[in-house]
Amino acid sequence: MNNLKPFSVYLVDDHKLFREGLNLLLGNLPYISQVFQAPDGGAFLSGLNRHVPELVLMDISMPGLDGIETTRKALELIPNLKIIALSMYADEDYTSRMISAGARGFILKNSGLHEVEECLKAVMSGHNYFSPEILDGILKNISKKEKQPRNSELSERETEVLYRICQGLSNQEIAGLLRISKRTVDKHRENLLQKTNSKNTAGLVMFAIRNGIVEV
């Protein structure tokens, strides 16, 4: 993760002081080639006509179009866009909804520069990243819910597909990587949702975290 090619970042946050402060910090990092800014989701989506970054730092709670809906719309336009959620609080509902929308990482706004760098490098290297506080909140909430099936109830192939889902790969990408048909991956995903009692990708990711299939 230390040999990253330079990449551009788009900051989307309605708090100007926070946005400009983070802009200054990111501008000093050697692997950040350019930083763009937008004060809200609508301005960001319009800005994508002019600047398409490799990575986006997206505030969740914004007036008008919030970060969840903005993330969903952005990924419809640019499916390979890497989006990291920014939040003031380790809220499991926000986390779950942002996972469903397609976010690859989650960091709190009170995080230090070292953690921000960790998150950027992890996501740009194809991994997911959760701030420890956010992960702790997820696990505490999961433990209170209905018991999930044991990892051993998943087949080896299902576990492999789940791992790739947690990496943020699409069904088509997983099919190419595992050299199986997309239809087969679709079926594995369907089985995973049923076996883990999950409603969506967010549920699958949380199951994988709890059962040690992925490390964050």
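Filtering the stretch 22-62 to residues that are open to solvent by less than 20 Å² (accessible area, probe 1.4 Å), outside any helix (DSSP H, G or I) and not hydrophobic (A, V, I, L, M, F, W, C) leaves P53, D59. Of the residues making up the stretch 69-94, those that are assigned to a helix (DSSP H, G or I), surrounded by 21 or more Cβ atoms within 10 Å (Cβ to Cβ) and in contact with a helix residue (DSSP H, G or I) (Cβ under 6 Å, 6 or more places away or on another chain) number 2. Of everything in the stretch 195-216 that is open to solvent by 60 Å² or more (accessible area, probe 1.4 Å) and modelled with pLDDT of 80 or more, the residue that is nearest to the chain's Cα centre (by Cα) is N197.
Residues in the stretch 1-16 that are in contact with a strand residue (DSSP E or B) (Cβ under 7 Å, 6 or more places away or on another chain) and within 19 Å of S111 (Cβ to Cβ): V9, Y10, L11, V12, D13, D14. Of the residues making up the stretch 69-90, those that are in contact (Cβ under 8 Å) with a residue 24 or more places away in the chain, closer than 23 Å to F7 by Cα and not basic (K, R) number 13. Go through the stretch 81-96 and give me each residue that's of a type in the set (A, V, I, L, M) and either under 18 Å from Q167 (Cβ atoms) or not assigned by the TED database to the domain that holds L11 (or both). Of everything in the stretch 81-96, those that are of a type in the set (A, V, I, L, M) and either under 18 Å from Q167 (Cβ atoms) or not assigned by the TED database to the domain that holds L11 (or both) turn out to be L81, I83, I84, A85.
May I ask you to list the residues in the stretch 95-110 that are open to solvent by 40 Å² or more (accessible area, probe 1.4 Å) and among the polar types (S, T, N, Q)? S100, N110, listed by residue number. In the stretch 1-16, the qualifying residues are those that are touching a residue at least 60 places away in the same chain (Cβ under 8 Å) and open to solvent by 90 Å² or more (accessible area, probe 1.4 Å), and the one that is farthest from the chain's Cα centre (by Cα) is N2.
Within the option set L192, L135, L169, being modelled with pLDDT under 90, touching a helix residue (DSSP H, G or I) at 6+ places or on another chain (Cβ under 9 Å), crowded, with 16+ Cβ neighbours inside 10 Å and in a helix (DSSP H, G or I) holds for one residue only, L135.
When the test is whether a residue is crowded, with 17+ Cβ neighbours inside 10 Å and either touching a strand residue (DSSP E or B) at 6+ places or on another chain (Cβ under 8 Å) or of a type in the set (D, E, K, R) (or both), R19 passes it.
The values are calculated or read from the model by the stated rules, or taken from the named source; none is laboratory data. Please read these numbers as outputs of a predicted model, since none were measured by experiment. In this analysis, Cβ positions are derived from the backbone assuming ideal geometry, glycine residues included, and neighbour counts consider all displayed protein chains. For accessibility, only protein heavy atoms count, side chains too; no ligands or nucleic acids. Shrake-Rupley method; radii C 1.70, N 1.55, O 1.52, S 1.80 Å.
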